[in-house]
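Heads up: the structure comes next, in structure tokens.
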Amino acid sequence: MNVASETTRSLIVFGRDDSRKPHASVFLLPEVEAAESAARLMGMHSHRVEPGEAPEIVMRLPAGKLFDSGKAFVPFVKGEVYARIAALAGVADERDGGSGDHPAADSPENASAGSPAPVAAHGGGDDGGGASGGNSSDLWAKLAVGDMVLASEGPDEGYFEARIMKAKAKGIFTLKFRDYPEAPQVDRSYYQLGLIHPRQLTKK
């Protein structure tokens with residue numbers, strides 16, 4: 001018999017953002033009510049997990065974080081994981097039927113946790129192609145304050161859009177996550193960053 005404790009993963013918060021990208025995270029038993037409130041505030045879904053329910057899903061999800069604002073940090077997840085969560089909760093998947101659930105090559109869902117792929121020049125570039133045919137190391141050399149990049153909050157987290165707030169020595173950048181203004185700024189080395197195609201930046 002499974003008995004819930006304060007360390008039991010007891011609630012899944014999930015939903016798709018305005019770009020139809022899937023997000024999901026899990027919260028512990030003491031956080032359930034606050035996380036449910038955060039889900040409502042952000043227009044997301046929540047599902048209370050019974051002890052021992054769907055461990056193959058629950059144990060794979062990143063832990064969410066609650067902010068003083070009442071909102072929560074809910075990272076990206078893969079589309080197949082999101083579909084299983086929606087089925088578990090009995091909620092229809094709101095993905096865009098026109099494009100399916102196949103993220104673009106430069107999306108955070110396709111960026112591996114260890115090495116984000118260089119896909120194009122940064123937002124300040126004036127060439128439409130950027131990465132094609134050029135020296136990819138030059139792309140990071142052009143990064144500057146104000147540019148939008150992809151960065152991970154930690155080794156087990158997905159990649160999120162972040163703006164460069166400060167450039168430090170030895171290729172270190174101070175970043176602020178775009179969609180999580182309450183989250184603290186982080187320092188990341190250039191080789192820990194993913195680059196966003198200029199065409200994606202124009203859609204923001």
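Apart from one condition, G154 fits all of (1) surrounded by 12 or more Cβ atoms within 10 Å (Cβ to Cβ); (2) modelled with pLDDT under 80; (3) closer than 25 Å to V77 by Cβ; (4) not basic (K, R); the exception is (1). For the residues S37, S5, S19, the requirement of being open to solvent by 60 Å² or more (accessible area, probe 1.4 Å) and of a type in the set (G, A, S) singles out S19.
With respect to G130, determine if the residue is modelled with pLDDT under 80 and on the phi > 0 side of the Ramachandran plot. So G130 fits the description; yes.
Return the residues of region 1-42 that are of a type in the set (D, E, K, R) and either in contact with an Asp or Glu (Cβ under 7 Å, 6 or more places away or on another chain) or assigned to a helix (DSSP H, G or I) (or both); say none if nothing qualifies. Matches in region 1-42: R16, R20, K21, E31, E33, E36, R40. Could you list, in sequence order, all residues of region 168-185 that are open to solvent by less than 20 Å² (accessible area, probe 1.4 Å) and part of a strand (DSSP E or B)? If the condition is that a residue be open to solvent by less than 20 Å² (accessible area, probe 1.4 Å) and part of a strand (DSSP E or B), then F173, T174, L175, F177 are the ones that fit. Checked against the criterion of being of a type in the set (S, T, N, Q) and either assigned by the TED database to the domain that holds E153 or over 29 Å from L150 (Cα atoms) (or both), the candidates S69, S5, S46, S25 yield just one match: S5. Taking the criterion of being of a type in the set (A, V, I, L, M, F, W, C) and in contact (Cβ under 8 Å) with a residue 40 or more places away in the chain, the residues of region 158-190 that qualify are F160, A183. Selection of region 50-88 for residues being among the hydrophobic types (A, V, I, L, M, F, W, C), open to solvent by 30 Å² or more (accessible area, probe 1.4 Å) and either modelled with pLDDT under 90 or part of a helix (DSSP H, G or I) (or both) yields A83, A87, L88.
The values are calculated or read from the model by the stated rules, or taken from the named source; none is laboratory data. Keep in mind that this is a model prediction, so the values were computed, not measured. Here Cβ is always computed from backbone atoms with ideal geometry, including for glycine, and neighbour counts include all displayed protein chains. Protein only, heavy atoms only, side chains kept; ligands, DNA and RNA dropped before computing areas. Shrake-Rupley method; radii C 1.70, N 1.55, O 1.52, S 1.80 Å.
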